[in-house]
Amino acid sequence: MPYFIFRGYDVPETSAQIRAAARPEHRSYIREVHHGVRAVAGGMVVNESGDEATGTLLILDAPDRAAALRYLEGDPYHGAGLFARIEIDRWDWGLGSPSPGGGVAGIP
């Protein structure tokens, strides 16, 4: 399957509160396969000093962009209104390799 990069840009004024409230459900959600899509890697994007979240980045293994979008629409962060803007782009894996069980081989 192709890979897609998801980038969600937080709504600055409410990011910390929304993240704290929705984090447990979000983490549970991204560990499961939904709509034939699996999150391979990802994390929180932070500001230069590392003390404030500014967004989310996920690498998705998905059959197509439409499935990736359905997956992201089901993410509790999306449902809670965390993102001011989102981007989804097809991505060609160049460094490292996806692990069959999830995650990225060679990257903790």
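Read-outs: derived from the displayed coordinates by stated rules, not from any lab. Only a predicted model underlies this, so the values are computations on that prediction, with no experimental measurement involved. Ideal geometry is used to build each Cβ from the backbone, glycine not excepted, and the neighbour counts take in all protein chains shown.
Only one of [x] 37, 29, 23; [y] 53, 33, 29; [z] 59, 37, 22 was calculated from the structure for Cα extents along the principal axes in Å, and its label is [x]. The distance from the alpha carbon centre of the range 15-29 to that of the range 32-72 is 13 Å, rounded to a whole number.
The value of relative contact order for the chain, using C-alpha pairs under 8 Å at least six residues apart, is 41 percent. Excluding Arg90 itself, what net charge comes from residues whose Cβ is under 15 Å from its Cβ, given Lys and Arg +1 and Asp and Glu -1? With Lys, Arg at +1 and Asp, Glu at -1, the neighbours total -3.
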